[in-house]
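Student: Pasting in a structure now, in structure tokens, and then I'll have a few things to ask.
The values are calculated or read from the model by the stated rules, or taken from the named source; none is laboratory data. The structure presented is a predicted model; accordingly, all values stated were derived computationally and were not measured. Because the Cβ atoms are built from the backbone with ideal geometry, glycine has one as well, and the counts that use them run over all protein chains shown.
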Amino acid sequence: MNPSEVKDFYERLGVSKTASEQELKQAYRALAQQWHPDHNPGRESESRIEFIAISEAYVALSGRSSQEKEGQATKSYKGNKRGRKSINSERLVQKIKELKQQGLSLRDIQKHPEVYFYDKNNNQKKPSLATIHSILKV
């Protein structure tokens with residue numbers, strides 16, 4: 001099963017819910033190496049989706065580790081405890097494909113108000129034209 005198909009961030013990285021920050025980092029690095037688009041020629045689009053899903057999980061769980069160190073109470077984890085919004089790669093890919101079916105150009109897709117993701121500082125970002133193009137090549 002690909003990481004993007006798994007909803008639970010711990011399962012996505014293949015670690016237990018009691019994993020240390022070091023274990024999270026090791027799991028993330030191994031999966032990031034495996035799924036990096038540069039390491040998967042011919043499968044860049046699929047790899048990019050998986051890489052984003054892995055990164056989303058790591059960013060969310062590394063935020064969990066930092067808060068536990070600060071002694072803050074933790075509740076059941078739904079997304080990022082720092083208030084970051086999820087990248088939600090599945091939503092982004094779905095929206096890009098939907099807009100392309102409507103006949104929009106790559107530039108128009110990029111400018112569309114529903115095509116965005118959030119970076120680690122909770123800033124809304126637009127995907128590059130190259131990213132959109134590689135998603136549509138699948």
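Student: Have a look at Ala30, Ala73 and point out the one that is aliphatic (A, V, I, L, M), surrounded by fewer than 19 Cβ atoms within 10 Å (Cβ to Cβ) and either at pLDDT below 80 or under 22 Å from Ala130 (Cβ atoms) (or both).
Tutor: Working: Ala30 fails: either at pLDDT below 80 or under 22 Å from Ala130 (Cβ atoms) (or both).
So the residue among Ala30, Ala73 that is aliphatic (A, V, I, L, M), surrounded by fewer than 19 Cβ atoms within 10 Å (Cβ to Cβ) and either at pLDDT below 80 or under 22 Å from Ala130 (Cβ atoms) (or both) is Ala73.
Student: What are the residues in the stretch 99-119 that are crowded, with 16+ Cβ neighbours inside 10 Å and more than 19 Å from Ile49 (Cβ to Cβ), if any?
Tutor: Leu104
Student: Which one of these is surrounded by fewer than 19 Cβ atoms within 10 Å (Cβ to Cβ) and either at pLDDT below 85 or not in a helix (DSSP H, G or I) (or both): Lys17, Lys25? If you could, list the steps in order and put the result at the bottom.
Tutor: Details: Lys25 fails: either at pLDDT below 85 or not in a helix (DSSP H, G or I) (or both).
The conditions single out Lys17.
Student: Which count do you get for residues in the stretch 103-126 that are farther than 19 Å from Ala57 by Cα and either β-branched (Val, Ile, Thr) or in contact with a strand residue (DSSP E or B) (Cβ under 8 Å, 6 or more places away or on another chain) (or both)? Break it down stepwise before answering.
Tutor: Looking only at the stretch 103-126, we keep the residues that are farther than 19 Å from Ala57 by Cα, and these are 103-115, 126.
Still in the list and also either β-branched (Val, Ile, Thr) or in contact with a strand residue (DSSP E or B) (Cβ under 8 Å, 6 or more places away or on another chain) (or both): 109, 115.
Counting residues in the stretch 103-126 that are farther than 19 Å from Ala57 by Cα and either β-branched (Val, Ile, Thr) or in contact with a strand residue (DSSP E or B) (Cβ under 8 Å, 6 or more places away or on another chain) (or both) gives 2.
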